[in-house]
1. Can you find a residue in segment 166-177 that is part of a helix (DSSP H, G or I) and free of Cβ contacts under 8 Å to residues at least 40 places away in the same chain?
2. Please go through segment 1-17 and give me each residue that is modelled with pLDDT of 95 or more and either within 16 Å of VAL196 (Cα to Cα) or surrounded by fewer than 16 Cβ atoms within 10 Å (Cβ to Cβ) (or both), ordered by number.
3. Under the condition of being of a type outside the set (S, T, N, Q) and not in a strand (DSSP E or B), which residue from segment 145-163 is surrounded by the most Cβ atoms within 10 Å (Cβ to Cβ)?
4. Are there any pairs with C-beta distances below 6 angstrom linking a residue in segment 9-22 that is more than 18 Å from GLN47 (Cβ to Cβ) and in a helix (DSSP H, G or I) to a residue that is of a type outside the set (Val, Ile, Thr) and at pLDDT 95 or above, with the two at least 6 apart or on different chains, and if so which?
5. Taking into account only those residues within segment 197-222 that are polar (S, T, N, Q) and outside any strand (DSSP E or B), which is surrounded by the most Cβ atoms within 10 Å (Cβ to Cβ)?
6. Which pairs have Cβ atoms under 7 Å, sit 6 or more apart or on different chains, and link a residue in segment 112-129 that is modelled with pLDDT under 95 to one that is part of a helix (DSSP H, G or I) and surrounded by 15 or more Cβ atoms within 10 Å (Cβ to Cβ)?
7. Give segment 206-231 a look and list any residue that's touching a residue at least 24 places away in the same chain (Cβ under 8 Å) and of a type in the set (Val, Ile, Thr), or say none.
8. Got a number for residues in segment 223-244 being of a type outside the set (Asp, Glu) and in a loop (DSSP other than H, G, I, E, B)?
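The values are calculated or read from the model by the stated rules, or taken from the named source; none is laboratory data. In this text, all values refer to a predicted model and were calculated from it rather than measured experimentally. Note that we place each Cβ from the backbone using ideal geometry, even for glycine, and neighbour counts take in every protein chain shown.
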Amino acid sequence: MKRAYKDEQDIIEHASEIDDLDVCFYPAESNLAHRFLASVRNGTLVQRERPDFEDPAEALLLEAMVVDDHPRPGGQDKTRSREAEALRELAIAGLNLPADVKVITTVSSGLPTHQDHNYRAYIDHFTGTVLKHARKSAAYRATQPGYELGFIVFDESTAYFEEADVAGLPGAVRPHFWFADSAFIHVVVQAGADCVVWLTPYKRLLTAESVAVPLPAMTVIDVSLLRQAKHLTYEPPRMVSSER
């Protein structure tokens, strides 16, 4: 019994099932972005050591990674610890499940929301994870000279909004569009990748009238176009998780 999306192939399979209506191209569509999107959908990716996948037909390389928004005081992620505990409890209960079954756990860390899902922790974990892989980008490229390199990021964070400080508009908020957030884009530009495929399956945001704010489940970023776009800036002290 394993936690779902811990395996790189799980991430590709999830991406392949996302509908067109839930896909966003940022800052614009491009031939490269469409090539990477087609590659994760059409089953031509071959799993390998490092980077994680290659598509020989399209001359593409793809490295997978997972990020989240959990603070880690003392280096401990209480949500991950609780997930591991839940999996152990299921195993002890003697459920008749195949050994290779993948399980999605929904657990409570027992922490207040700001200690469980935190915008600053989100930036820190995204930065640390992406730049760790960025340091290997030259080595990834050296395995297949001439191939273009992509990062596929499975982002387990919640949605966020910024509580606005607007006179006469109590409760005014601004949705967080992570793919256009300058704090994240600054990292993406340094990633050493040509394209970033950003999966966000758990971002849900409702208005005060309980209407869903349209948010993409997958954003495909052509890194070469980022310097031409204007990005958004958010104030960290005002950022609130939708799970508050």
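1. No.
2. GLU8, GLN9, ILE11, ILE12, GLU13, HIS14, ALA15, SER16, GLU17
3. ALA159
4. If the second residue must be of a type outside the set (Val, Ile, Thr) and at pLDDT 95 or above, the pairs left are ASP22/PRO216; ASP22/ALA217.
5. THR200
6. Going by the 7 Å Cβ cut-off, the qualifying pairs are ASP116/THR79.
7. VAL213, THR219, VAL220, ILE221, VAL223
8. Count: 7.
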